[in-house]
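What follows is a set of notes on a single structure, which appears directly below.
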Amino acid sequence: MPMEKTGYASPVEVRQSPFHGRGLFAAVSFEAGDLIATYPLLVLSQDDTAAIRGTQVHHYVFHVDENEQGQMRAAVAFGLISMCNHSVEANADFTVDPAAQTVTLSARTPILADAEILIDYEEFADQII
């Protein structure tokens, strides 16, 4: 039996990126400051964060914080935000809220429909978490 259509159209979709394999693209246009989406996070312990170093999972986690000894905690994001590629000329920002266990994606600049949504991985752009 086919599923019923709900009428919901996602504002983002995954497509082939001309830069980095697959990426996240705007299905609609966004103005600077617009909320694109909020996604749930699974905040990992410091031990679990250390265990994923050198695995493919490290490409899809977000930095949460680190303790006085420099041990980091990361979080696995559920949802399409994990498909956002990096650019130092990002058109979107992300905000990690470990207490709420969410990551919010918002437009930094106007983003036209069909444009790739890019975030700045900041100091983690060239390293494995």
Completion exercise
Residue pairs qualifying under the 9 Å Cβ cut-off, at least six apart or on distinct chains, with the first in region 29-55 being closer than 22 Å to T95 by Cβ and the second being among the hydroxyl-bearing types (S, T, Y) and part of a helix (DSSP H, G or I), are Y39/S82
Practice task
Taking the options L112, L42, L118, name whichever one is in contact with a Cys (Cβ under 8 Å, 6 or more places away or on another chain) and either closer than 28 Å to Q16 by Cα or among the acidic types (D, E) (or both).
Solution key: L118
Problem - Members of region 63-86 found to be within 17 Å of V12 (Cβ to Cβ), surrounded by fewer than 20 Cβ atoms within 10 Å (Cβ to Cβ) and without any contact (Cβ under 8 Å) to a residue 60 or more places away in the chain, listed by number - result: F78, G79, S82
Problem - Selected residue [over 18 Å from D120 (Cβ atoms) and of a type outside the set (S, T, N, Q)] from V76, V88, V61 - result: V76
Practice task
Could you tell me whether any residue of region 35-43 is more than 18 Å from the chain's Cα centre (by Cα) and of a type in the set (G, A, S)?
Solution key: no
Exercise for the section: Can you tell me which residue among R73, R53, R22 is closer than 30 Å to L112 by Cβ, among the charged types (D, E, K, R) and out of contact with any His (no Cβ under 7 Å at 6 or more places or on another chain)? Expected result: R22
Exercise for the section: Could you identify the single residue in V64, V57 that is touching a Lys or Arg at 6+ places or on another chain (Cβ under 6 Å), farther than 18 Å from F25 by Cβ, aliphatic (A, V, I, L, M) and at pLDDT below 90? Expected result: V64
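The values are calculated or read from the model by the stated rules, or taken from the named source; none is laboratory data. Since we're looking at a predicted model, the values are computed, not measured. Cβ: placed from backbone, ideal geometry, glycine included. Neighbour counts: every protein chain shown.
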